[in-house]
Amino acid sequence: MSEFWFYINLGIQHVLDWNAYDHILFLTALVVSYNFKDWKKVFWLVIMFTLGHSISLGLAAYQVVQVDEDWVEFLIAVSILVTAFFSIFKAGKNSSSTSKFNLLYLVTLFFGLIHGFGFSSYFLMISDSVDNLLVVLLQFAIGIEIAHILTVLTVLLLSFIAQRILRVSKRDWILIVSSIVAGLAAPILKEVWIW
């Protein structure tokens, strides 16, 4: 039973690690424009991100796909910036279009794939001696999903406090938070620039 919790905890720590906060930045930029009433949309966005992350991690763990780590790190930083700029661009605009939201699902899934490849080499190292790799992948995915949900709940709670209690307009809140995320992601992009 302790091995079960080990890999779940590892998934949680992977996302909530302050030394590798790419998931937190990405998820913050992704959901900053939503409120608790949008929980279904947010839930499915988080599921798509975790699903993409788990698929790429599984492909790498079973050595079906190998990706250059430099490219992955570069694309992770790009995914954070793109998501932050998307939130800035749509701040204050009505986001009721279903087709745009379906595209956002697909983009989130794709970005999840990229982020999963970013952890694949470490995961391969720690899972090298396990008997059932699929079970370990599922346990790890559960931990990632728990951490994603905690991150998103924190963002939604902070959004609620800012907008309802402190009376910051939704547009301003999105612009402020997304700009902070972009500002934190820009140096990461500079560090991992591949050209």
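Every number in this text was worked out from the coordinates using simple rules, so none of it is lab data. Being a predicted model, the structure only gives us computed values, none of them experimental.
Largest first and in whole Å, the equivalent-ellipsoid semi-axes of the chain read 29, 19, 15, each the square root of five times a Cα gyration tensor eigenvalue. Evaluated over the chain, the count of Lys pairs having alpha-carbon atoms less than 24 Å apart is 16 (only pairs 8 or more residues apart or interchain).
Our summary of shape: the Cα atoms of the range 133-195 have principal axis extents of 49, 37, 11 Å, ordered from largest down, in whole angstrom. Computed over the chain with a Gaussian network model linking Cα atoms closer than 10 Å, the most mobile of Y105, Y122, Y34 is Y122.
Please work out the Cα center distance from the range 23-60 to the range 134-195, rounded to the nearest Å. Rounded to whole Å, the Cα centres lie 10 Å apart. Running a GNM on the chain with Cα contacts under 10 Å, which residue among K170, K40, K90 ends up with the highest mean-square fluctuation? Taking springs between Cα atoms under 10 Å, the residue moving most is K40. Calculated mean residue ellipticity at 222 nm for the chain: -26500 deg cm²/dmol, from DSSP H runs with n ≥ 4 weighted as -39500 (n - 2.57), summed, divided by the residue count and rounded to 500.
Screening the chain for whole DSSP H helices with an alpha carbon extent of at least 27 angstrom along the helix axis and a mean Kyte-Doolittle hydropathy of at least 0.0 yields 39-61, 69-90, 98-126, 133-160, 170-191.
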